[in-house]
């Protein structure tokens, strides 16, 4: 899938393909209508890939950075998906207040603040907003779970990418929020990378 990538967005990596595969697998009837939400969309790569994989899906992708949101809109146009994937600017859930979805996906910032300075030069060139997950790297997961059930239809799926060492912490949040069928999937490098669950 062609994508325009500029310094204001995270460079999509092969690990994130796992998010799309898990999201697709969570939809048993891939031809059925489906409302999808992608939080922290960045370049729009996840939202657009899922729209291609689920041809009856329509989606909203939220993004705090105006520059990143502009790139996501460019990529939606480039892939002829602008009529099915709407990019909304704003902080996490704010742009979708009162709305519900069948599938919610996110690859939020998840690197602990103190760790960012120790990363490779390649990763440190990424926009800090796309990396910094707060003191423990889990700030965005707490915010996601704070409102996820309000925005998911009963039986809807939540699919989250996370750090390889955060799987237990993310699973605990799924279980505390009452999600069922909580499942962990490894990425292409065989590292724990994507946890998903079904809303009650």
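Where a number appears in this text, it was derived from the coordinates with a stated rule and is not lab data. This is a predicted model, so every value here is computed, not measured. Note: ideal-geometry Cβ built from the backbone for every residue, glycine included; neighbour counts use all protein chains shown.
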ask   = Going by the conditions given, is residue 31 free of Cβ contacts under 8 Å to residues at least 60 places away in the same chain, under 16 Å from the mean Cα position of the chain (by Cα) and either surrounded by fewer than 24 Cβ atoms within 10 Å (Cβ to Cβ) or on the phi > 0 side of the Ramachandran plot (or both)?
value = no
request  = Output the residues belonging to segment 123-135 that are more than 16 Å from residue 91 (Cα to Cα), in contact (Cβ under 8 Å) with a residue 24 or more places away in the chain and surrounded by 13 or more Cβ atoms within 10 Å (Cβ to Cβ).
outcome  = 126, 127
request  = Could you tell me which of the residues 138, 184, 152 is in contact with a helix residue (DSSP H, G or I) (Cβ under 9 Å, 6 or more places away or on another chain) and in contact (Cβ under 8 Å) with a residue 24 or more places away in the chain?
outcome  = 138
inquiry  = Condition (residue is surrounded by fewer than 17 Cβ atoms within 10 Å (Cβ to Cβ), on the phi > 0 side of the Ramachandran plot and without any contact (Cβ under 8 Å) to a residue 12 or more places away in the chain) applied to segment 69-82: is it met by at least one residue?
reply    = yes
ask   = Is it the case that segment 117-130 has a residue that's outside any helix (DSSP H, G or I), under 14 Å from the mean Cα position of the chain (by Cα) and farther than 13 Å from residue 9 by Cβ?
value = no
inquiry  = Just the residues that are surrounded by fewer than 19 Cβ atoms within 10 Å (Cβ to Cβ) and in contact with a helix residue (DSSP H, G or I) (Cβ under 8 Å, 6 or more places away or on another chain), please, taken from segment 97-122.
reply    = 99, 100, 116, 117
